[in-house]
Amino acid sequence: MSEIKVVRIHAGQRQDRTTTTGTKAWELFAEDAEVIAVRIGADLRDLSHVLADGDEVEGVAIDSADGRDILRHSCAHVMAQAVQQLWPEAKLGIGPPVTDGFYYDFDVETPFVPEDLTKIETAMRKIIKEGQRFERRVTTDHDAIGELADEPYKLELIGLKGAGKADGAAEGASVEVGAGELTIYDNVRRNGDVAWSDLCRGPHLPTTKRIPAFKLMRSAAAYWRGDEKNKQLQRLYGTAWESKEALEAHLHRLAEAERRDHRKLGRDLDLFSFPDELGSGLAVFHPKGGVIKRVMEDYVRQRHIEEGFSYVGTPHITKEGLFHTSGHLPYFEDTMFPPMELESSRYFLKAMNCPMHNLIYRSRGRSYRELPLRLFEFGTVYRFEKSGVVHGLTRVRGLTQDDSHSYCMPEQAGDEVKHLLDFVLSLLRDFGLDDFYLELSTRDASRDKFMGSDEQWETATEILERVATETGLELVPDPGGAAFYGPKISVQARDAIGRTWQMSTIQYDFNQPAGFDLEFQAPDGTRQQPVMIHSAKFGSLERFFGVLVEHYAGAFPPWLAPVQVQAIPIAERHRDYLYDVARQMGAAGLRVEVDDSEERMQKKIRNAQLQKVPFMMIAGDDDMAAGAVSFRYRDGRQDNGVPLAEAIERVRSAVASREQV
């Protein structure tokens, strides 16, 4: 054996090591039980990987992002092994790790039922207890086709790889096939027998016994490769964590998320619905939801005006040529509603507002003195999202954007991006979202979907990165995530239970101004092309609404609450008094309802609490005599004998300050 030199990297520490040929990665981390894989260069590898001279070997801990993905992918293999033990005729689809869990698709004769998940979990525990080794094996397309002859979906993936079409074959397909050699992972028992095998790129845990905690969550239908033309498979979802405590914490978060589900709260609080008669992903807002929607619209309209924007309006439909000019149609036609044939022309429901704003800019000559020119509208757009991804208000087919476009001289672009980002962050804080980070989406130079020169992309990216960095917020790179026409900043906000939501976006665009021949007269008299900057502060009004419902669990701060005060008369003789109070408060712009039902007072209080009304004003004989009310908060606190003027001021002050109560 000859000596080799490697570098061991773990917990931020680098150590030069001299070892011998044949050394495996696990030998560098034998004392670090939390290390379950390694990274060598850009590649993740199994602990059984044989090291080469010069390797820099970084330990991957099980509680890291990569470590959890490896744990969950290994657990997906164990689940698939258990399914084929229980249902030998089951055919395997794809089984990748996903956020907080994993799934695997199966072709089975009968859909899974909840009792099946219990059986599968029992079989998985036995496999885990056996401590089967995950062993990587390099194979050829020819040999793999022979070995997997009874797995038609695996054969299809191998065929796609052979044809050079593995990239984008399906969601999660990259864990099975991709660039480089083809590999199979065997689950090997302690006696050396192969218990089960699967086409996979890895890496995996050393053994099944390294799976500390898991749970199967649910089953669902899923089309093979996400295509509705393909066969519908059964998808099993599960989750796996580095400890039982971490699993319990995750399950608690899920329970809290379920309690906050905006779809359920939307029904319970009578805010919105999705009538079947309209079609999937098309919401109607009920009167109470309409109040919240109006308050949001009034707020953001006024803020745009204060920030120097001009309010404009555009139609919902246009000839297709507009989207050719903007460059959208080649990229987005498959996500737009089908065209309509009218008067020998094809018309589309608009999927974006920016081309129409370009027409407003181009409607007359522009001078540098007008720039930055800022246009804004509530533009309703329509996108034909696949039925499988439509989800309440957070993923819809008809959405309204508080869409703005700033046209500026290139040298103004940095200041305009800063202006927009400051606007966005202050808006989010006003709505109670104050924990966020930024994501910078840039182009993937290896892909041809992006328009523009290298110099334009470098300039735009540098401007966005500089402005984002100056905020002091965390900035996360998103290579390849840019729109085809330029890079973007997106604000990722964390809600009350720590979930991350993509909210506002700011996009730099140097392509549409060229496509529309947009110009301005520069100080030297020449005609020059402006830079266009897209921004949606809410992102979409529907999505923002849904996020707010979940963030507040339906208990909106008073300024957003559809009913700010529930007035509760103790007896019928107190009704007129409270109706007069309600009129006074209504005149002050406050939203009050009087519960004049025949229910008992305690039931009325309970009803107001269930509807999450911020304040209650209760009145009886003594209150009428004193010109007062009992002032009750939704958390149960109550102050008796509060003078009416003070009670109204409490509400008015809470609304004006946008505070939560």
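The values are calculated or read from the model by the stated rules, or taken from the named source; none is laboratory data. No experiment lies behind these values; they were computed from the predicted model shown. Cβ atoms come from the backbone with ideal geometry, glycine included; neighbour counts cover every protein chain shown. For accessibility, only protein heavy atoms count, side chains too; no ligands or nucleic acids. Shrake-Rupley method; radii C 1.70, N 1.55, O 1.52, S 1.80 Å.
Take the Cβ atoms of His324 and Glu470, set R0 to 56 Å, and the FRET efficiency comes out at 0.90. Extending 7 Å from the Cα toward the beta-carbon at both Lys386 and Asp63 defines two label points whose distance is 3.6 nm. Relative contact order of the chain, taken over Cα pairs closer than 8 Å and 6 or more residues apart, is 9 percent. Solvent-accessible area assigned to carbon and sulfur over region 1-143 amounts to 49 percent, based on a 1.4 Å probe. Ellipsoid semi-axes for region 594-661, based on the Cα gyration tensor and the rule √(5λ), read 19, 17, 9 Å when sorted largest first. Taking only protein heavy atoms and a 1.4 Å probe, the accessible area of region 172-235 is 42% carbon and sulfur. The value of relative contact order for region 525-650, using C-alpha pairs under 8 Å at least six residues apart, is 21 percent. Shape class of region 468-554 from the alpha-carbon gyration tensor: prolate, with a/c at 1.5 or above and a/b greater than b/c.
Residue-wise HN-Hα couplings along region 471-479, as the Karplus relation 6.51 cos²θ - 1.76 cosθ + 1.60 with θ = phi - 60° gives them from phi, are 5, x, 7, 4, 10, 10, x, 9, x Hz; Gly and Pro carry x. In the set (1) 3, 12, 19, 21, 19, 15, 8, 3, 1, 0; (2) 3, 14, 23, 26, 20, 11, 3, 0, 0; (3) 3, 13, 19, 17, 13, 10, 8, 6, 3, 2, 2, 2, 1, 1, 0, 0, the label that goes with P(r) over Cα pairs in 10 Å bins from 0, in percent computed for this structure is (1). The spread of Cα positions in region 202-282, taken along each principal axis and listed from longest to shortest, comes to 53, 36, 16 Å.
Can you compute the charge dipole magnitude of the chain about its Cα centre, using +1 on each Lys and Arg Cβ and -1 on each Asp and Glu Cβ, nothing else charged? Give it in debye, rounded to the nearest 20.
Magnitude of the dipole: close to 1100 debye.
The mean accessible area for residues of region 364-440, using a 1.4 Å probe and ignoring ligands and nucleic acids, is 37 Å² per residue. Taking the charge dipole of the chain about its Cα centre, with +1 at Lys and Arg Cβ atoms and -1 at Asp and Glu Cβ atoms, the residue from Tyr577, Pro203, Leu247 reaching farthest to the positive side is Tyr577.
Projecting the Cα atoms of Thr505, Met532, Val467 onto the charge dipole of the chain (Cβ charges, centred on the Cα centre) puts Thr505 farthest toward the positive pole. Shape of region 37-182 from its Cα gyration tensor (a ≥ b ≥ c, root eigenvalues): rounded if a/c is under 1.5, otherwise prolate when a/b > b/c, or oblate? The shape class here is oblate. Per-residue Karplus couplings for region 569-586, computed as 6.51 cos²θ - 1.76 cosθ + 1.60 with θ equal to phi - 60°, are listed in order as x, 6, 9, 4, 5, 9, 5, 4, 4, 6, 5, 5, 4, 4, 5, 4, 6, x Hz, Gly and Pro entered as x. The longest part of the chain holding none of the exposed loop GluC sites (Glu not before Pro), meaning those outside H, G, I, E and B in DSSP with at most 12 other Cβ atoms within 10 Å, is 344-473.
Within the straight-line cut-off of under 13 Å between alpha carbons, the aspartates and glutamates reachable from Lys231 are Asp105, Asp107, Glu109, sequence neighbours fewer than 8 places apart in one chain being disregarded.
Each other residue within a Cβ distance under 14 Å of Pro477 adds +1 if Lys or Arg and -1 if Asp or Glu, for a net charge of -4. Considering only Gly41, Thr19, Pro96, and ranking their Cα positions along the charge dipole of region 1-117 that arises from unit charges at the beta-carbon of Lys, Arg, Asp and Glu, the one farthest toward the positive end is Thr19. Extension gain, Glu130 to Arg575: 0.36 nm times the residue separation minus the Cα-Cα distance gives 153.0 nm.
Among the listed pairs Lys161/Lys386; Lys293/Lys537; Lys288/Lys537; Lys264/Lys288, a Cα-Cα separation exceeding 19 Å is found for Lys161/Lys386; Lys288/Lys537. When both bridge partners sit in the chain, DSSP labels roughly 85% of those beta bridges antiparallel. Mind listing which trypsin sites (Lys or Arg not before Pro) in region 286-372 are in a DSSP loop and have 12 or fewer other Cβ atoms within 10 Å? Those that pass, being in a loop and sparsely packed, are Arg364.
Extension gain, Ser363-Met601: 0.36 nm per intervening residue step, less the Cα-Cα distance, totals 79.4 nm. Based on the alpha-carbon gyration tensor of region 131-259 and its eigenvalue square roots a ≥ b ≥ c, which shape applies: rounded if a/c is under 1.5, prolate if not and a/b is larger than b/c, or oblate? Verdict is oblate for region 131-259.
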